[in-house]
Each structure stands twice: as C-alpha cells, then as structure tokens.
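The values are calculated or read from the model by the stated rules, or taken from the named source; none is laboratory data. The shown structure was predicted, so the numbers you read here are calculated from the model rather than taken from an experiment. As a convention, Cβ positions derive from the backbone with ideal geometry for all residues, glycine included, and neighbour counts pool all protein chains shown.
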Amino acid sequence: MALLQEKSVIRVQKALAAANHDDGIIELDKSARTVADAAKALGVATGSIAVGRVFKIGGQYVVAMLAGDQDCLMENLPRVLSLKGEVEEASEDETRKATGFRGSCISPVAISKKLPMVIDRSLKRFETLYAYAGHRRCLFATTAAGLKRLTGAIVSYNIAEPSDAAGDVAGDAD
C-alpha cells in the first residue's frame, strides 16, 4: 500500500476521481520491470497494458498510448497529430519534465502539461485495459472508450505495429 502514497500515484488518483472514474488503482505485489511482467501479474494479455511513450515532433512533446504488444510507427505521428517536423523519442529527463512521470510508467491522466495525445486503435481488441498510474507497479483498469473519455485523445489505426519483442521494455529500478 505504500506505493499508493507516492506523489505521482496520488496525482493520478485525484485526476481519476475528478473524472468520476471510480475503479481505483491496482498495486502489484511484485516488481514489474517489463510490460510483460505487469501483464503476468494481472493475469492478462500483454497487449491490454496501455503504455505511454513521449516523442518530440519539431520540438513539441506528444504522448502516444500504445498497446503493450505494439511498437510505435513514429513516422506517422506528425500527420495523425497535424504537426510538422522531425520525430524523435524524448529522453528520460525530457519525459519527466513534459509529463511529470518516469518513462516506464507514464499515466494517460494527470500529465503535468497539456500535450497532444494519440491512442493506438489496437487497444480496442481488449474489453479491459490497464494503464499505468504513476508507478510501474500501480495501474488502473479502463476500456478503450474510457481511455478516450479520460484523455480526449485522437484514436488512430496507423501509429503502431506488432512488436517483435512485446513486453521486453526494461524500466527503472523499483
């Protein structure tokens, strides 16, 4: 229960409460170093974990919410978000400054700055999704429609493709 008292997790709890999302935050018992670890701990498919990644398009930070078994098609982000410029993945420091979260546990809500966001349409494959809640061992359940409602993000079919190594993303130490 100690993780539920972390500042970043409390921020997410408050944002969810303000949006009348009452399902609460799930704290995993074990370390979840990868998306696959989190999925295994929850007993769900890796793809049902909604993973946030931060990119820069011409200097503008954006968030892509991807299914845990998908890789981002970075080259498609500018067109989907009506932005121009080169696309690059944000560094860990840039991610923290832009979102207030570590790169391994970006929540789709309670992001510290208003950023353009896009949701991977392949998340609709799952009845229930699990999004990070400010710590990689804390997640909240939602649906694809709920994720859209909570974020106001664009849903796109062409920002992701199946990963060759789904879930092999290492995160920060606990």
> In region 59-104, how many residues are touching a Gly at 6+ places or on another chain (Cβ under 6 Å) and modelled with pLDDT under 95?
Replying inline: 1
> Based on what the data block shows, is LEU42 within 11 Å of the chain's Cα centre (by Cα) and of a type outside the set (Phe, Trp, Tyr)?
Replying inline: no
>> Among the residues of region 123-140, what is the count of those that are surrounded by fewer than 19 Cβ atoms within 10 Å (Cβ to Cβ) and touching a Gly at 6+ places or on another chain (Cβ under 9 Å)?
In response: 2
> If we scan region 80-95, do we find a residue that is under 15 Å from the mean Cα position of the chain (by Cα) and crowded, with 22+ Cβ neighbours inside 10 Å?
Replying inline: yes
> Which ones in region 78-119 are among the basic types (Lys, Arg) and more than 16 Å from ALA15 (Cα to Cα)?
Replying inline: ARG79, LYS84, ARG96, LYS97, ARG102
> Under 6 Å by Cβ, and 6 or more places apart or on different chains, what pairs join a residue from region 45-70 that is free of Cβ contacts under 8 Å to residues at least 40 places away in the same chain and within 18 Å of VAL155 (Cβ to Cβ) with one that is surrounded by fewer than 24 Cβ atoms within 10 Å (Cβ to Cβ) and of a type in the set (D, E, K, R)?
Replying inline: PHE55/GLU89
> Is it the case that some residue within region 67-76 is surrounded by fewer than 18 Cβ atoms within 10 Å (Cβ to Cβ), under 26 Å from ALA141 (Cα atoms) and of a type in the set (S, T, N, Q)?
Replying inline: no
> Considering region 9-39 alone, what residues qualify as being assigned to a helix (DSSP H, G or I) and either farther than 23 Å from ALA145 by Cα or within 16 Å of the chain's Cα centre (by Cα) (or both)?
Replying inline: VAL9, ILE10, ARG11, VAL12, GLN13, ALA15, LEU16, VAL35, ALA36, ASP37, ALA38, ALA39
> Does LEU77 qualify as being touching a residue at least 60 places away in the same chain (Cβ under 8 Å), part of a helix (DSSP H, G or I) and under 18 Å from SER122 (Cα atoms)?
Replying inline: yes
